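The values are calculated or read from the model by the stated rules, or taken from the named source; none is laboratory data. Fair warning: this is a prediction, and the values are worked out from it, not measured in the lab. Please note: Cβ atoms are built from the backbone with ideal geometry, for glycine as well, and neighbour counts cover all protein chains shown. Heads up: the accessible areas ignore ligands, DNA and RNA and are worked out on the full protein's heavy atoms, side chains in. Shrake-Rupley method; radii C 1.70, N 1.55, O 1.52, S 1.80 Å.
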Amino acid sequence: MNRAIIDVAAPLVLIAVLVAGWEAACRIMAIPGYFLPPPSEIARAAVAGAPVLFESAWNTLFMALKALVVASVLACGVALVVALNQTLEKAVQPLAVALQVTPVIAIAPQVVIWAGLDHPERAIVTLAVIVAFFPIFSGALTGLKATDPDLERLFDLYGATRWQRLWRLRIPSSVPFVLEGHKVAGGLAVIGAVVAEFVAGSGGAQGLAWRILESSNRLQTARTFAAVIVLAIMGALLHAALRHAERAILKRLRGR
Amino acid sequence: MSVASLAAVEVDYPGRGKALGPFDLSVEEGEIVALVGPSGCGKSTALRLLAGLEQPTRGTVTRTPGRGETSVVFQSPNLMPWASAQANAALPLELDGVAKTEARRQAADALARVGLSGAAAAKPAQLSGGMAMRVSLARALVTQPRLLLLDEPFAALDEITRRDLAADIHTLWTETRPAVIFVTHNVEEAVYMASRVVVMSASPGRTFSVVRTDPALPRPPHFRTTLEFRSAAETISRDLALSMGCAA
Ligand SMILES: Nc1ncnc2c1ncn2[C@@H]1O[C@H](COP(=O)(O)OP(=O)(O)O)[C@@H](O)[C@H]1O
Ligand SMILES: [Mg+2]
């Protein structure tokens, strides 16, 4: 059989087997639905709740994307400024690391208060920006410094100015690193948005996290599962889209 | 007239001691000199001094002062992977402030001279090793240098490609007759390329011997099969073996 077909089929078969086993176990052992609903019930809940789930998913995704754009602009800008000045880099580096290692959940409640309890979406975007910032920043900074030393010598030979070196060598060299950073940041932005939604609670944020909280509070476990699955699919799609964009851009850049 | 020279230059690297010298080398206008020597003896260091990329610890370097008057081709093509062949070849001119359209036009000419007019739009990843090296050569020629420094430019290429390129470099050289210093490991290549071959001793490199070959450049056809070629190659091989011995 064709290798490509096997690669696609293998995980699908595994999922089918696991789902079938799950369904069978729920029925045979008569597990109550609020404890562990069978896949068929989850599917029914997903279909019944589809419009609401999609709208919520779109809200979460939209906030994550907004955060990704803001984080991208901020992180690239700061990396560019910092890359030009070693002292500044030394000064900024520990702060950036501190921001990265602090769990977003720990600062979320305070950010929600600062954003105003009437504006949970501001807090959500802000927190997603905070988590998405670091991978882009460190990718851009690494890339700006990871120039080929032989090309550096060539630029020396032809008497390149600082600006020529930046625009013609360092920025183009950094592109693959920046793209990699965006790929990681995309996933983190969704996580940041979801965490923030959980903390912001019922303040009117209509994202997927709120659907999960709401249905789990009501013991509508099948609906909870459906929301979690939609969330997972959304994350996977975003990751796939970013990976696709990364490949397309690199291909265009390198001609292959 | 001498285009560039090294006079009693020595280079020390911190923690390593002396890497080159004392070493003398002078290249005349329109001359092709080959530099052969054991690996690590300081051939690349000598070229970096002549290119002004490095300063000697002791001794004097005299070089052509103008921008773009000295060009270097390194062992790897060192092309910008994101830029087309034409944009790569135009780089020295654009860095010098030449308007983009003019720089690109001259780059297209340089690419045509190295036989790559069809590949102007190609990115480095789309080129073979030999073609990438030709782009690198076009970039070096685009400024019409008076001194061309070639640091083992064929080392990564297969035999057929390197012979083609060697012959083409001679043809190109007849057009503007720049002075050329050509570094190589390969004795036969040195004899073929240069009218004067400088054999260096093992690190720290000094001049061990100088071998001259007669027929005018570019070489007559079948030069590689002549007695003259063989005897020069044998002298250099012997000197090279002796020069390695004298450091041990
Ligand atoms: N930047 C450097 N720092 C320390 N040692 C160096 C440096 N560059 C070259 N060397 C050393 O100097 C010697 C000469 O190097 P190089 O000129 O590259 O030799 P070659 O080109 O003849 O093989 C080598 O032993 C190398 O290890
Ligand atoms: Mg070398």
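Applying the selection to the stretch B:190-237, what residues are of a type in the set (D, E, K, R) and in contact (Cβ under 8 Å) with a residue 24 or more places away in the chain? Answer for the stretch B:190-237, where residues must be of a type in the set (D, E, K, R) and in contact (Cβ under 8 Å) with a residue 24 or more places away in the chain: B:R196, B:R206, B:R219, B:R224.
Among the residues of the stretch B:10-23, those identified as open to solvent by less than 40 Å² (accessible area, probe 1.4 Å) and within 16 Å of ligand 2 (Cβ to nearest atom) are B:V11, B:A19, B:L20, B:G21, B:F23. Mind checking whether some residue in the stretch B:47-58 is within 11 Å of ligand 2 (Cβ to nearest atom) and assigned by TED's automatic domain parsing to the domain that holds B:V9? Checking the stretch B:47-58: at least one residue is within 11 Å of ligand 2 (Cβ to nearest atom) and assigned by TED's automatic domain parsing to the domain that holds B:V9.
Taking the criterion of being within 11 Å of B:L149 (Cα to Cα) and either of a type in the set (S, T, N, Q) or more than 14 Å from ligand 2 (Cβ to nearest atom) (or both), the residues of the stretch B:28-46 that qualify are B:I32, B:V33, B:S44.
Out of B:M193, B:M200, B:M244, one residue alone is under 30 Å from B:Q106 (Cβ atoms) and of a type in the set (A, V, I, L, M). It is B:M193. Counted as qualifying within the stretch A:44-158 are the helices (runs of 4 or more DSSP H) with 1 or more residues that are over 30 Å from A:I212 (Cα atoms), touching a residue at least 24 places away in the same chain (Cβ under 8 Å) and within 14 Å of chain B (Cβ to nearest Cβ), namely A:120-145. Picking from residues in the stretch B:124-147 that are surrounded by 24 or more Cβ atoms within 10 Å (Cβ to Cβ), of a type in the set (A, V, I, L, M) and within 13 Å of chain A (Cβ to nearest Cβ), the one that is nearest to the chain's Cα centre (by Cα) is B:A140. A single member of B:A194, B:A167, B:A156, B:A190 is away from every other protein chain (no Cβ under 14 Å), small (G, A, S) and within 16 Å of ligand 1 (Cβ to nearest atom), and it is B:A190.
Residues A:L250, A:L208: which one is within 14 Å of chain B (Cβ to nearest Cβ), open to solvent by less than 60 Å² (accessible area, probe 1.4 Å) and not acidic (D, E)? Break it down into steps so the answer makes sense when it comes.
Working: A:L208 fails: within 14 Å of chain B (Cβ to nearest Cβ).
Testing whether each residue is within 14 Å of chain B (Cβ to nearest Cβ), open to solvent by less than 60 Å² (accessible area, probe 1.4 Å) and not acidic (D, E) leaves just A:L250.
Which one is farthest from the other protein chains (Cβ to nearest Cβ) among residues in the stretch B:59-78 that are open to solvent by less than 20 Å² (accessible area, probe 1.4 Å) and away from ligand 2 (no atom under 13 Å from the Cβ)? For the stretch B:59-78, the residue satisfying everything is B:T64.
A quick yes/no check of all residues on (1) surrounded by 22 or more Cβ atoms within 10 Å (Cβ to Cβ); (2) more than 16 Å from the chain's Cα centre (by Cα); (3) more than 21 Å from A:R254 (Cβ to Cβ):
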site	(1), (2), (3)
A:D118	no, yes, yes
A:I124	yes, no, yes
A:F134	no, no, yes
A:L144	yes, yes, no
A:D148	no, yes, no
A:E152	no, yes, no
A:S173	no, yes, no
A:F177	no, yes, no
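Of everything listed in (1) touching a residue at least 40 places away in the same chain (Cβ under 8 Å); (2) within 12 Å of chain A (Cβ to nearest Cβ); (3) touching a strand residue (DSSP E or B) at 6+ places or on another chain (Cβ under 8 Å), the single unmet condition for B:P81 is (3). If you check A:T87 against the conditions, is it on the phi < 0 side of the Ramachandran plot and open to solvent by less than 70 Å² (accessible area, probe 1.4 Å)? Here the answer is no, as A:T87 does not meet what is asked.
With respect to B:D109, is the statement that it is within 14 Å of another protein chain (Cβ to nearest Cβ), surrounded by fewer than 23 Cβ atoms within 10 Å (Cβ to Cβ) and more than 16 Å from ligand 1 (Cβ to nearest atom) true? For B:D109, the condition - within 14 Å of another protein chain (Cβ to nearest Cβ), surrounded by fewer than 23 Cβ atoms within 10 Å (Cβ to Cβ) and more than 16 Å from ligand 1 (Cβ to nearest atom) - is not met. A count restricted to the stretch A:21-39 and to residues that are open to solvent by less than 60 Å² (accessible area, probe 1.4 Å) and either under 18 Å from A:V228 (Cβ atoms) or among the hydrophobic types (A, V, I, L, M, F, W, C) (or both) stands at 10. All of (1) of a type in the set (A, V, I, L, M, F, W, C); (2) open to solvent by 20 Å² or more (accessible area, probe 1.4 Å); (3) within 16 Å of ligand 1 (Cβ to nearest atom) hold for B:V36 with one exception: (2).
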